[in-house]
Amino acid sequence: MEKSGNKRYLVTWSDGKTDLTKASNLLGITADKCKAGVSFMETDAIPGKDDVMHFENLGITSMELTSDEAVNLLEKEGILAVEEDTEMHILELPQNEEYNSFLGSNANLEPIPSESPDFRNGYNKALTDMFASMLKLGQADLQAPAIAGNPVPGPFFWPFPILKKQAIPWNINLVKAPQAWARGFNGSGIKVAVLDTGIATHPDLVVAGGVSFIPGVVSYNDGNSHGTHCAGIIGARNNWIGVVGVAPLCELYAVKVLADSGSGSSSGIIAGMEWCITNGIKVASMSLGSTSGPSVAWANAIKHCQDNGVTVVCASGNSYVDTSPVFPWVNAPANSFVMGARTASPIAVGAVDLASLIAYFSSRGGQNENWNQVTLVAPGVNINSTIPGNGYGKKSGTSMATPHVAGIAALVCQRFPGILPVGVKARLAQTATNLGPAGFDLTYGYGLINCDSATL
């Protein structure tokens with residue numbers, strides 16, 4: 001976003017409640033040049049050299065400066081940090097996407113792991129709930145006679161259609177999501193935002209709404225496939241086609257902060273984070289990052305989100321694949337946290353394979369004890385999920401691991417109404433399946449997420 005030799009910077013205020021008027025005064029600019037960042041960026045406007053965007057709920061301002069102006073501004077009272085607005089990218093491992101048609105293949109799908117009466121009842125209830133949600137029918141409409149010896153859970157018209165059972169992907173079985181569904185925990189009523197390349201229309205997805213923070217783009221449609229793939233891992237419906245997500249009845253929101261190229265500015269992502277606060281989002285899934293160290297702006301944005309009830313889940317990065325090794329550590333923003341308030345850090349997610357072994361590319365912790373480390377791991381190798389064009393495809397990366405954790409966070413929010421983000425993180429850590437050395441370690445964090453234990 002360079003113009004006339006300037007660069008865009010993120011100014012973080014010491015007082016996180018600095019409003020637009022106060023920010024204008026402290027910056028010494030006229031009020032007309034300082035705009036509410038979310039309102040400005042969700043239009044098709046393209047920020048110009050003189051456009052200053054303020055994110056009041058995060059205590060951050062985005063503006064263009066020369067390097068000398070940035071240094072001088074940092075000396076002003078009330079300013080905590082002045083940092084370059086860096087570019088962020090999807091954290092998907094480059095590979096040839098394997099495409100399956102909409103009616104498609106059940107590659108890498110496994111049968112439902114349990115056929116107990118309780119499991120069948122839970123499965124049937126989830127299916128009924130899905131139809132009720134789609135058709136917006138009340139419970140009075142779900143009454144129907146039962147066939148002798150074969151109770152029917154509901155139908156919307158009679159006779160009830162006999163549908164093929166949903167095949168369960170190996171990755172969903174690995175994190176024990178079906179066991180949580182059988183007890184009624186499927187993410188129902190929980191708002192989950194996918195801060196990514198957008199979400200495409202797909203028969204296996206129901207998108208409740210969304211927004212774009214890409215300059216010049218107002219649609220949150222996904223022209224890349226990354227965001228749609230992540231959305232399917234979180235919330236693909238438990239129906240009779242394709243795949244199913246960890247939280248199949250959660251409310252998905254598409255927050256387009258990365259362009260179809262797979263990259264986007266930090267300002268746009270921060271706008272997406274503030275949007276999550278003002279729109280009652282409970283979980284923000286961020287499969288994005290860069291190979292840079294912790295940032296004050298990211299740390300404060302994450303803290304403000306979590307102080308406002310938004311659990312932030314970030315990919316740890318795919319940097320371990322670099323044998324140099326230049327930066328095999330946790331990427332930004334996952335590595336950022338507020339000093340003295342480690343509980344305000346994001347959930348940083350690493351990737352494992354089918355055998356629960358750390359993926360060769362998954363970034364590890366350990367660069368600095370003051371960095372946020374890998375918190376948990378989830379499946380991230382050859383994950384089959386939804387992609388544009390009503391299809392399914394396989395992708396790998398900590399990008400794919402992250403939405404698994406966003407999904408389990410939604411299950412925990414449903415299971416424990418009113419739970420705070422710090423409680424969600426603690427619950428996931430306490431109930432994770434330990435991998436590697438006993439206890440916490442820098443490779444697996446607290447271990448593999450466990451939907452069954454987390455929702456008990």
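How many of the residues making up the range 67-84 are touching a Ser or Thr at 6+ places or on another chain (Cβ under 6 Å) and either at pLDDT below 95 or of a type in the set (A, V, I, L, M, F, W, C) (or both)? Spell out the reasoning first.
First, pick out the residues of the range 67-84 that are touching a Ser or Thr at 6+ places or on another chain (Cβ under 6 Å): 78, 80-81, 83.
Pick out the ones that are also either at pLDDT below 95 or of a type in the set (A, V, I, L, M, F, W, C) (or both) and you get 78, 80-81.
Residues flagged as touching a Ser or Thr at 6+ places or on another chain (Cβ under 6 Å) and either at pLDDT below 95 or of a type in the set (A, V, I, L, M, F, W, C) (or both) within the range 67-84 amount to 3.
Restricting attention to the range 247-264, which residues are more than 21 Å from SER290 (Cα to Cα) and in contact with a Leu (Cβ under 7 Å, 6 or more places away or on another chain)?
Selection gives ALA247, LEU252.
Can you name the number of the only condition in (1) among the basic types (Lys, Arg); (2) touching a Ser or Thr at 6+ places or on another chain (Cβ under 6 Å); (3) buried (at least 24 other Cβ atoms within 10 Å of the Cβ) that LYS425 fails?
(2)
How many of the residues making up the range 427-456 are touching a residue at least 24 places away in the same chain (Cβ under 8 Å) and either within 18 Å of ASP307 (Cα to Cα) or among the acidic types (Asp, Glu) (or both)?
Total meeting the criteria: 2.
Looking at this structure, is GLY210 within 25 Å of SER62 (Cβ to Cβ), in contact with a strand residue (DSSP E or B) (Cβ under 7 Å, 6 or more places away or on another chain) and part of a helix (DSSP H, G or I)? Outline the logic, then answer.
Working: within 25 Å of SER62 (Cβ to Cβ): yes; in contact with a strand residue (DSSP E or B) (Cβ under 7 Å, 6 or more places away or on another chain): yes; part of a helix (DSSP H, G or I): no.
Considered against the rule, which asks whether it is within 25 Å of SER62 (Cβ to Cβ), in contact with a strand residue (DSSP E or B) (Cβ under 7 Å, 6 or more places away or on another chain) and part of a helix (DSSP H, G or I), GLY210 comes out as no.
Here is a list: GLY366, GLY407. Which entry is part of a loop (DSSP other than H, G, I, E, B), in contact (Cβ under 8 Å) with a residue 12 or more places away in the chain and of a type in the set (Gly, Ala, Ser)? Spell out how you get there, then give the answer.
Values: GLY407 fails: part of a loop (DSSP other than H, G, I, E, B).
From the options GLY366, GLY407, the qualifying one is GLY366.
Which residue out of VAL349, VAL374 is surrounded by 19 or more Cβ atoms within 10 Å (Cβ to Cβ), touching a strand residue (DSSP E or B) at 6+ places or on another chain (Cβ under 9 Å) and within 24 Å of LEU252 (Cα to Cα)? It would help to see each step written out before you state the result.
On the way: VAL374 fails: within 24 Å of LEU252 (Cα to Cα).
From the options VAL349, VAL374, the qualifying one is VAL349.
Hey, among LYS165, LYS256, which residue is surrounded by fewer than 24 Cβ atoms within 10 Å (Cβ to Cβ) and either outside the structural domain of ALA406 (by TED's automatic domain parsing) or basic (Lys, Arg) (or both)?
On the way: LYS256 fails: surrounded by fewer than 24 Cβ atoms within 10 Å (Cβ to Cβ).
Result: LYS165 is the single residue among LYS165, LYS256 that is surrounded by fewer than 24 Cβ atoms within 10 Å (Cβ to Cβ) and either outside the structural domain of ALA406 (by TED's automatic domain parsing) or basic (Lys, Arg) (or both).
Can you name every residue in the range 186-204 that is out of contact with any Lys or Arg (no Cβ under 7 Å at 6 or more places or on another chain) and part of a loop (DSSP other than H, G, I, E, B)?
ASN186, GLY187, SER188, GLY189, ILE199, ALA200, THR201, HIS202, PRO203 - these are the residues of the range 186-204 that are out of contact with any Lys or Arg (no Cβ under 7 Å at 6 or more places or on another chain) and part of a loop (DSSP other than H, G, I, E, B).
The conditions are (1) of a type outside the set (Ser, Thr, Tyr); (2) part of a loop (DSSP other than H, G, I, E, B); (3) more than 17 Å from THR375 (Cβ to Cβ); (4) out of contact with any Gly (no Cβ under 7 Å at 6 or more places or on another chain), and ILE277 fails exactly one of them. Which is it?
Of (1) of a type outside the set (Ser, Thr, Tyr); (2) part of a loop (DSSP other than H, G, I, E, B); (3) more than 17 Å from THR375 (Cβ to Cβ); (4) out of contact with any Gly (no Cβ under 7 Å at 6 or more places or on another chain), only one is false for ILE277: (2).
Any residue that is under 25 Å from SER316 (Cβ atoms), of a type outside the set (Val, Ile, Thr) and either surrounded by 14 or more Cβ atoms within 10 Å (Cβ to Cβ) or at pLDDT 95 or above (or both) - is there at least one of those in the range 56-66? If you could, list the steps in order and put the result at the bottom.
From the range 56-66, those under 25 Å from SER316 (Cβ atoms) are 58, 60; that's our starting set.
Narrowing further to those that are of a type outside the set (Val, Ile, Thr): 58.
Next cut, either surrounded by 14 or more Cβ atoms within 10 Å (Cβ to Cβ) or at pLDDT 95 or above (or both) only: 58.
Checking the range 56-66: at least one residue is under 25 Å from SER316 (Cβ atoms), of a type outside the set (Val, Ile, Thr) and either surrounded by 14 or more Cβ atoms within 10 Å (Cβ to Cβ) or at pLDDT 95 or above (or both).
Hey, among SER290, SER265, which residue is in contact (Cβ under 8 Å) with a residue 40 or more places away in the chain, surrounded by fewer than 24 Cβ atoms within 10 Å (Cβ to Cβ) and touching a strand residue (DSSP E or B) at 6+ places or on another chain (Cβ under 7 Å)? Break it down stepwise before answering.
Working: SER265 fails: surrounded by fewer than 24 Cβ atoms within 10 Å (Cβ to Cβ).
Going through SER290, SER265 in turn, the sole match is SER290.
I need the full set of residues from the range 215-234 which are crowded, with 24+ Cβ neighbours inside 10 Å and part of a loop (DSSP other than H, G, I, E, B), in order please. Break it down stepwise before answering.
First pass over the range 215-234, keeping only residues crowded, with 24+ Cβ neighbours inside 10 Å: 220, 222, 225-234.
Once the filter is applied, which keeps residues that are crowded, with 24+ Cβ neighbours inside 10 Å and part of a loop (DSSP other than H, G, I, E, B), the range 215-234 yields TYR220, ASP222, SER225.
The values are calculated or read from the model by the stated rules, or taken from the named source; none is laboratory data. Just so it is clear, the model here is predicted, and its values are computed rather than measured. Counting neighbours? That spans all protein chains shown, and the Cβs are built from the backbone with ideal geometry, glycine included.
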